[in-house]
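The values are calculated or read from the model by the stated rules, or taken from the named source; none is laboratory data. Just so you know, these numbers come straight off a predicted model, no measurement behind them. Please note: Cβ atoms are built from the backbone with ideal geometry, for glycine as well, and neighbour counts cover all protein chains shown. What goes into the accessible areas is simple: the full protein's heavy atoms, side chains included, and nothing from ligands, DNA or RNA. Shrake-Rupley method; radii C 1.70, N 1.55, O 1.52, S 1.80 Å.
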Amino acid sequence: MLGTFVEISVTHFDPPSAQRAIDEAFTEIDTIHRLMSFHRPGSDIARLNQCAHRGPVRVDPRTYDVLECALEISTASSGIFDVSIGNTLAAEGHLPRHDDWPAAHPMANFRDILLLANGEVEFSRALWVDLGGIAKGYAVDRAAHILTQANCLDGRVNAGGEIRVFGERQESVCLRVPNYPATSVPTIELERGGLASSACNSGQDSSATAGSSAHRHGISRRPLREQRFASVVNERCMIADALTKVVLALGAEAEPILEQFRAASVMYDSRSGWIETGQTT
């Protein structure tokens, strides 16, 4: 699911109840994938990219939630994180082209995405939204919420390196850094929160999250050229997922944004080595 392998494990007093909860969590992840897929005709994202410049489009509440969080992080980062870069990624072959979608306005950005009442979304200019940099973290959060509501005592959801633990579960996460000795990487102790990781190497996507698109600077739309790896910890995996792209772009200068979201990062830079930034509460 989500272009990667998804693993779920829980502790529960009743094994049949645990299995039902896990099945429901996998169903929710699959639903989110279908709603927010850039590839799938008829998804919320496809309908927005095709029609929202002509008028309001009603979307699923989950899609609305992700867009709301994405715009919050876009505003906080002054556009470093911007989900309106789908046309750039499609033009470079990282996402499929859609000939039935209108050409995106060359100056369109996240500020052209308008969240209206009653779950409707409108674009002030034609643009192509891609939620690949945030939706996976949201799916992990939603799965964890379903498991908690089903009275699972603790558990872990892992979608290709986007991880959420809850209850009394603790996880020691050994970071996977491309082209770096496995014996030399830090280990993050994760408890009651989410962790996401991304990497970039000379503009090519080396993300630990399989199936994601090449990373871009949201303002310039250019590939991130620095050889960097970033892991972000936050109470919500969705926020951690999006903030990894901010850290990749800004490095240590992302600290004020991390603090705004009560997040922390561990970043490896090929020139500066390991850098820890921000804090969690």
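Computed on region 1-141, with alpha-carbon pairs under 8 angstrom and 6+ residues apart, the relative contact order is 29 percent.
Within region 72-210, antiparallel bridges make up roughly 95 percent of the DSSP beta bridges whose residues both belong there.
Note on the chain: with a GNM built from Cα contacts shorter than 10 Å, the maximum mean-square fluctuation among L147, L248, L114 falls on L114. Altogether, the Stokes-Einstein calculation at 25 °C and 0.890 mPa s, with the Kirkwood radius of region 32-98 over Cα pairs as Rh, returns a diffusion coefficient of 192 µm²/s.
In region 102-166, Cα pairs under 8 Å separated by at least six residues give a relative contact order of 23 percent. So I have (1) 51, 49, 31; (2) 77, 49, 39; (3) 76, 37, 26, and one of them is Cα extents along the principal axes in Å calculated from this model. Which one is it? Computing Cα extents along the principal axes in Å and matching it to (1) 51, 49, 31; (2) 77, 49, 39; (3) 76, 37, 26 gives (1). For the chain, complete DSSP H runs whose alpha carbons reach 15 Å or more along their own long axis and whose mean Kyte-Doolittle score is 0.0 or higher are 61-76, 237-250. In the elastic network of the chain, a GNM with C-alpha springs shorter than 10 Å, the most mobile of A139, A254, A91 is A91. Normalising the average separation of contacting C-alpha pairs (under 8 angstrom, six or more residues apart) by the number of residues puts the relative contact order of the chain at 18 percent. Between E276 and D100, the simple spin-label model (points 7 angstrom out along Cα→Cβ) gives 5.2 nm.
The label point for E7 and the one for E24, both projected 7 Å from the Cα toward the Cβ, are 2.4 nm apart. Once you order the gyration tensor axes a ≥ b ≥ c over the Cα atoms, which shape class does region 1-154 get: rounded for a/c under 1.5, otherwise prolate or oblate by comparing a/b with b/c? The shape class here is prolate. Sorting Y138, Y268 by accessible area puts them as Y268, Y138; the probe is 1.4 Å, largest comes first, and only protein heavy atoms count. Once the C-beta distance of E189 and C51 is scaled by a Förster radius of 45 Å, the resulting FRET efficiency is 0.45 to the nearest 0.05. Taking the chain as a Gaussian network of alpha-carbon nodes connected by springs under 10 Å, the highest mean-square fluctuation of the residues I29, I146, I113 belongs to I146.
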